[in-house]
Amino acid sequence: MSYPSTIQAITISKTGGPEVIEKREIPFPKVAPDHLVVKVQYLGINFIDTYYREGIYPAPGFPFVIGKEASGVVVALPTDESVLNDPDYKKCGYKQGSRVALDYMGSHAEYVSAPWKTVYVIPESVSTLTAVSALVQGLTAISFMEEAYNVQKGDIILIHTVAGGLGLLMTQLAKSRGAIVIGTTSTPEKAALAKANGADHVILYKNEDTVARVLELTNGEGVHAIFDGVGKDTFESDLIMIKRKGTIVSVGNASGPVPPFPPIRLQKKNVKLLRPTMNNYTYTPAEVLYYGNALFSLLADGTLKTRIFKEYPFTTEGVRQAQVDLTSGKTTGKLVVKVSD
């Protein structure tokens, strides 16, 4: 098919605050032989967008198209015959017109050319909007709770920022596995939302002593696993609240990266510490298919339910505001941007 020569995209030309975000016209992306081309309908806003914008994660060059989550419709398939004949490719069921969700850096644009292994076909039972509201965080929740720490029936799990998009999905998933969930959040309204999604105990960290409350709830033993998306501000407390032989999964850096520390500190309770990334659990085509099927099945049967906090316009101001809101600590659920119908 013929493509437009230029498209609109959300970019940064340097690192900094939200003011460096700019919607601009860029050339249509180069289409590699193993790529699918997708006309984008929705964007998902994630903390990783802010990490690149702030320079915590280095951009490969400028101007840089931000964002790693989108959904839309396939407008072109790969042209590489070896790809088209690949058994794993065939299992995915890509077709022109397929509704898909993408996990690909540089996806916040009107069109995206992406490697087929980063594109998930959305089943009939799941809407395009729901898919973009769940893809990155849903895949993260499922893979982290299966491979970083395999949550089991009877486990006591601590989830920081429990009322955020990832926290709510992790809570629902942990409860479906039979775990007891303790969460931390900032307001009574967020606490009520977390409980409505299955959290057994929610600690208002601004008003309560989180460490004392967790130890009280666990008879002084601590929790089996901690999923921590806060980072710097909560890590020292994590080492106190974790059970002997427990696992701390460092999920994100909302308050900044965890400072360097001597690993010998883990020896006191034989603690396991991981800083995984979802893309190393969804690395091979088989893993992509496995976790994609798992996510969409859990969405279809209602085990996982997404909550959209707000839909923003596809403008400079809209994306800037979305990132400001995301990092404010005042949102619940998922923030999305509508690009096209």
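The values are calculated or read from the model by the stated rules, or taken from the named source; none is laboratory data. Bear in mind that the values here come from a model prediction, so they are computed numbers and not experimental data. Cβ placement follows ideal geometry from the backbone for every residue including glycine, while neighbour counts extend to all protein chains displayed. These area figures cover heavy atoms from the full protein model, side chains too; ligands, DNA and RNA do not enter into them. Shrake-Rupley method; radii C 1.70, N 1.55, O 1.52, S 1.80 Å.
Miscellaneous remarks
- Summed residue charge, Cβ within 10 Å of GLY44's Cβ, Lys/Arg positive, Asp/Glu negative: -1
- Cleavage-rule hits, trypsin sites (Lys or Arg not before Pro), region 151-189, DSSP coil, Cβ neighbours within 10 Å at most 10: LYS153
- For the set HIS201, HIS35, solvent exposure ranked by accessible area (probe 1.4 Å, protein chains only) runs largest to smallest as HIS201, HIS35.
- For peptides 14-21, 278-285, sequence by mean Cβ density within 10 Å, most packed first: 278-285, 14-21
- Per residue, the accessible area of region 129-231 comes to 34 Å² when a 1.4 Å probe rolls over the protein heavy atoms.
- Solvent exposure of region 253-315 as accessible area per residue, Å², 1.4 Å probe: 60 Å²
- With K and R counted +1 and D and E -1, the other residues having a Cβ less than 10 Å from that of SER186 yield a net charge of +2.
- Protein-only accessible surface order, largest first, of SER98, SER13, SER5 at 1.4 Å: SER5, SER13, SER98
- For region 126-190, applying the loop criterion from DSSP together with a ceiling of 16 other beta carbons within 10 Å to the GluC sites (Glu not before Pro) yields no site.
- Most mobile listed residue (ASP103, ASP80, ASP228) in the chain, GNM with C-alpha springs under 10 Å: ASP80
- Of the residues PHE28, PHE227, PHE62, ranked by 1.4 Å probe accessible area with the largest first, the sequence reads PHE62, PHE28, PHE227.
- Only one residue of VAL121, THR140, HIS160 has its Cα farthest out toward the positive end of the dipole of region 115-222, where Lys and Arg carry +1 and Asp and Glu -1 on Cβ, and that residue is VAL121.
- Between ASN46, ASN207, ASN293, the GNM of the chain built on Cα springs shorter than 10 angstrom shows ASN207 fluctuating the most.
- Ligands, DNA and RNA left out, the 1.4 Å accessible surface of region 46-96 is 55% carbon and sulfur atoms.
- Accessible carbon and sulfur surface of region 168-251 relative to its total accessible area, %, 1.4 Å: 48 percent
- Label positions at SER127 and LYS90, each projected 7 Å from the Cα along the C-beta direction, are separated by 3.6 nm.
- Considering only alpha-carbon pairs that sit under 8 angstrom and 6 or more positions apart, the relative contact order computed for region 60-133 is 40 percent.
- Selected from LEU173, LEU298, LEU139 as most flexible by GNM, with the chain as the system and alpha-carbon contacts under 10 Å: LEU298
- With a threshold of 27 Å on the Cα-Cα distance, the over-threshold entries among LYS91/LYS195; LYS232/LYS269; LYS190/LYS268; LYS39/LYS117 are LYS91/LYS195; LYS190/LYS268.
- Ordering of 130-137, 180-187 by burial proxy (mean other Cβ atoms within 10 Å per residue, highest first): 130-137, 180-187
- Taken as Cα centroids, region 83-140 and region 199-234 sit 36 Å apart, rounded to the nearest whole angstrom.
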